[in-house]
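Before any comments, here is the structure.
The values are calculated or read from the model by the stated rules, or taken from the named source; none is laboratory data. Please read all numbers here as calculations on a predicted model, not as lab measurements. Every residue, glycine as well, gets a Cβ built from its backbone with ideal geometry; the counts of neighbours run over all protein chains shown. Heavy atoms of the whole protein, side chains included, go into the accessibility calculation; ligands, DNA and RNA do not. Shrake-Rupley method; radii C 1.70, N 1.55, O 1.52, S 1.80 Å.
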Amino acid sequence: MPNRRAYRCLAALADASYKQILMANPLNDAGLHPPRMHILGMEGIPREEIVTLLDLSESYIEQSRQHDKKSSILRGRTLINVFFENSTRTRTSFELAGKRLGADVINMSVSASAIKKGETLIDTAMTLNAMHPDVLTVRHSDSGAVQLLSEKVTCSVINAGDGSHEHPTQALLDALTIRRRKKSLEGLTVAICGDILHSRVARSNIYLLNTMGAHVRLVAPKTLLPAAIEQLGVEVHHNMRDGIRDADIIMMLRLQTERMQGSYVPSTREYFRFFGLDRDKLAVAKPDALIMHPGPMNRGIEIDSELADDIHRSVIHEQVEMGVAVRMACLDLVTRSLSRNDGEDAA
Amino acid sequence: MTEQLRAYVNARLLDPASGLDQTGTVLIDGNKIVDTGPHLFPNGPPPNVQVIDCKGYCLAPGLIDMRVHLPEPGGEQKESFETASAAAAAGGVTSLICLPDTDPAIDNVSVIEFIARRARETNIVKIYAYGAITRGLEGTELTEFGILSEAGALAFTDATRAIADTLVMRRVLSYASTFDLLIVQHPEEPRLARNGQMTEGEMATRLGLAGIPAVAEVMMLERDLRLVELTGARYHAAHVTTAAAIDVIRGAKARGLPVTCDTAPHYFTLTDAATDGYRTFTKVSPPLRSEEDRLAVIEGLRDGTIDVIASDHRPQDQDSKRLPFVQAEPGIVGLETLLPLTLALHREAGISLLDLIRRLTSAPGSLLRMKEGRLAPGLPADMVIFDPDHEWTIEATELKSRSKNTPFDQMPVQGKAMCTIVGGRHVHSLMG
């Protein structure tokens with residue numbers, strides 16, 4: 001059993017602050033469904049709750065490194081990974097997280113063809129709901145789709161990435177990775193570089209890092225920055241050397257190759273020259289600056305291949321490991337809200 | 001004939017066309033107005049006249065809603081002639097002009113005739129139609145303006161599609177001016193607005209939704225105004241929403257160009273902040289704008305730059321709205337909320353009742369060269385009696401419209417149509 005004390009304190013937390021981390025259900029669901037905890041985004045999540053989640057995640061890192069990785073906290077629980085958009089790593093990470101906690105895990109890829117058959121998101125939600133899952137992790141290519149789905153089901157929902165909106169578990173795993181390396185997020189300078197416009201990872205990270213007292217800089221050409229982004233409390237740079245100067249953390253984002261067709265950038269060659277991370281540009285960051293990437297990487301487009309593999313600078317593989325721990329913590333946390341409603345104690 | 005005489009007494013008469021705002025009486029005979037004024041029947045109406053006491057409520061020409069999506073044929077599950085008419089009557093609207101984006105589109109005489117037949121059968125409020133500017137609303141080939149106009153099309157528009165091709169637009173305006181016809185444009189540069197879901201800005205950025213920059217409106221408008229100058233055509237910009245566009249129209253009017261415009265209540269009531277939480281009922285085209293733009297719309301109404309207020313009624317059923325924001329259809333139902341939301345400008349922005357009623361009656365009436373929209377002898381007895389102070393709460397489920405897509409559900413408002421009169425018939429009455 002992981003850290004008992006954190007466990008109790010989280011349960012108390014879940015009671016006290018439904019409306020925030022829980023992002024409980026708006027609208028008319030209140031009377032219909034028992035209240036459940038969802039994790040839909042990092043916007044508005046208070047610092048204490050982030051800290052509690054990160055602390056809980058720490059305990060799961062140890063569990064994942066043991067020979068016997070399995071516990072039974074989620075025994076009897078059903079987790080369905082519902083992916084309306086292709087993903088290998090996030091889905092695998094949630095799958096492992098669920099299995100290591102003893103849940104039954106089902107993966108469901110809702111292909112474009114099912115949608116073409118006329119089944120709407122809400123139909124899919126209702127169908128899944130009838131199978132009594134305890135947690136749904138959902139990825140969808142439309143911003144807001146996961147929230148919409150969460151309003152129609154009686155289980156807990158974790159956002160595994162919705163459109164260009166949020167990807168909260170990515171921000172949490174990034175925070176955990178940084179905290180373990182740098183002890184604290186407070187006062188760090190974090191440069192997020194690349195396609196901010198289309199990035200849910202960037203948005204979730206901006207919210208979380210700001211809440212935790214880090215200083216966030218964005219680096220991108222103007223075509224890849226959304227309007228009024230500075231209103232989110234960030235410093236915007238178009239010159240990469242200015243943007244990463246003296247930074248503690250450099251987060252690179254994936255540039256999808258489709259962006260070339262959309263006239264966002266002229267070529268991968270030009271992009272790499274001005275916005276790709278190489279040793280030359282990295283020299284202006286702090287000597288111990290860490291390189292992060294949510295994956296999958298485009299080697300030679302946003303990041304120099306050799307740099308990505310430099311174990312002294314790159315924590316990209318560590319991020320993947322933290323991902324499983326963070327998702328275990330999220331699953332643990334949200335199922336506690338269900339336990340209370342069931343009238344049974346998961347402990 | 002005399003048994004059809006009816007006097008509406010003790011009413012605050014509001015007739016924007018004549019500037020009348022005084023307590024008085026309207027006398028009708030059957031379906032026509034006989035006389036109006038403060039001094040009618042100084043000794044009380046004669047005994048052969050049926051008397052209706054208006055209890056001091058306002059009596060105005062029936063509202064003319066010049067922008068209504070009535071999706072029949074093709075979208076009967078969203079709204080039919082019957083449900084749209086009932087909604088109009090409940091909202092004090094006595095004439096509505098439906099947009100041509102039906103399926104099939106109103107781009108030929110047989111669809112116009114279908115509309116006219118259905119309007120006759122329904123026979124609650126008056127229903128008129130626009131003709132499409134281009135066949136199938138595709139923006140390329142002109143429809144038969146002359147023939148459609150003879151068949152009853154009041155003006156021409158491609159509804160929510162802008163005529164993007166500049167050469168086509170030039171010919172449209174030039175050909176329309178041959179017959180002195182009005183062209184109504186959806187002023188939005190479509191290539192700049194492509195894939196956009198809401199106005200570009202902080203809210204769109206937070207929600208991760210693709211933005212439409214506010215300048216997409218003024219860009220199309222500025223291009224069109226050059227063409228208006230070139231051709232001399234009568235041009236109307238539908239639902240203007242931005243400060244920049246209103247400024248440009250203000251300037252064009254000052255230069256004497258034959259340009260008019262309208263806006264819809266949601267553009268002076270809501271901003272893009274209302275979209276928070278992915279509320280698909282706030283998805284409209286053009287999108288809700290910033291607070292500065294909202295205030296500019298009110299200013300445009302105050303100084304007369306904006307000629308008309310139209311509901312832009314666009315019914316959408318649940319299947320079209322209970323979707324991720326990107327997939328949801330745009331539109332708000334507006335026939336029943338047009339009057340109270342407009343009257344809020346009287347209390348909150350200090351615009352006179354007469355000025356507001358003008359935007360809902362005589363202004364669209366004269367723009368579309370209709371006989372309706374005025375209280376004058378010999379004209380159709382289309383009138384609305386409303387209580388500007390009546391407090392009520394908008395309830396989506398109570399709407400007469402078949403679709404309930406309103407972002408104003410549960411909003412407390414003031415002002416309600418107490419009686420709607422079309423050609424002398426009471427088609428809606430709360431007066432007992």
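Quick notes on this structure:
- HN-Hα J in Hz across the stretch A:143-160 - Karplus 6.51, -1.76, 1.60, θ = phi - 60°, x for Gly and Pro: 4, x, 5, 6, 4, 4, 4, 5, 6, 10, 10, 9, 9, 7, 10, 10, 6, 9
- Cα centroids of the stretch A:55-92 and the stretch B:13-47: 78 Å apart.
- Alpha-carbon centroid distance for the pair the stretch B:278-293 / the stretch B:369-399, whole angstrom: 27 Å
- Solvent-accessible area per residue for the protein assembly as shown (1.4 angstrom probe, square angstrom): 38 Å²
- In range of the label at residue B:411: residues from the stretch B:61-76 whose backbone nitrogen is under 20 Å from the point 7 Å along Cα→Cβ: B:63-69
- Here the stretch B:62-367 is assigned +1 on the Cβ of each Lys and Arg and -1 on the Cβ of each Asp and Glu. Its dipole about the Cα centre then comes out at about 300 debye.
- Listed residues B:82, B:202, B:188, most fluctuating in chain B (Gaussian network, C-alpha, under 10 Å): B:202
- Percent of Cα pairs in the protein assembly as shown per distance bin of 20 Å, from zero to the largest separation: 16, 40, 29, 13, 2, 0.
- Reciprocal of mean inverse Cα separation for the stretch B:62-367 (Kirkwood radius, Å): 19.2 Å
- For the stretch B:311-411, fraction of C-alpha pairs farther apart than 22 Å, in %: 45 percent
- Rg/Rh for chain A (Cα atoms only, Rh after Kirkwood) is 0.97.
- Ranking A:265, B:403, A:173 by how far each Cα lies toward the positive end of the dipole of the protein assembly as shown (charges on Cβ) leaves A:173 at the top.
- Zone residues, the stretch B:344-358, relative to residue B:23, backbone N less than 19 Å from point 7 Å out along Cα-to-Cβ: B:353-354
- Computed over neighbours whose Cβ is under 13 Å from that of residue B:54, the net charge equals +1, Lys and Arg +1, Asp and Glu -1.
- Trypsin sites (Lys or Arg not before Pro) restricted to DSSP loop in the stretch A:183-291 with at most 13 other C-beta within 10 Å: A:183
- Once you reduce the stretch A:227-293 and the stretch A:123-193 to the center of their Cα atoms, the two points are 24 Å from each other.
- The residues A:67, B:390, sorted by heavy-atom accessible surface at 1.4 Å with ligands and nucleic acids left out, run A:67, B:390 from largest to smallest.
- DSSP beta bridges confined to the protein assembly as shown are antiparallel in about 35 percent of cases.
- Under DSSP loop assignment and at most 14 Cβ neighbours within 10 Å, longest GluC sites (Glu not before Pro)-free interval of chain A: A:187-343
- Its Cα centre serving as origin, chain A has a Cβ charge dipole (Lys and Arg +1, Asp and Glu -1) of approximately 380 debye.
- Count Lys and Arg as plus one, Asp and Glu as minus one, and take only other residues whose Cβ is under 12 Å from that of residue A:95; the net charge is then +4.
- Residues whose amide H falls under 5 Å from that of residue B:199, counting only those 5 or more places apart or on a different chain, are B:212, B:288, with hydrogens built in the peptide plane.
- Summed side-chain charge close to residue B:382 - residues other than residue B:382 whose Cβ falls under 12 Å, Lys, Arg +1, Asp, Glu -1: +4
- Computed from label points 7 Å out along Cα-Cβ, the spacing between residue B:144 and residue A:278 is 6.7 nm.
- Largest accessible area first, the residues A:207, B:128 order themselves as B:128, A:207 under a 1.4 Å probe with ligands, DNA and RNA left out.
- Max-minus-min Cα coordinates of the stretch A:163-254 on each principal axis give 35, 30, 23 Å, with the largest extent listed first.
- Within straight-line cross-link reach of residue A:152, lysines at Cα separation under 29 Å, skipping those fewer than 8 residues along the same chain: A:19, A:99, A:116, A:117, B:78, B:283, B:321, B:400, B:404
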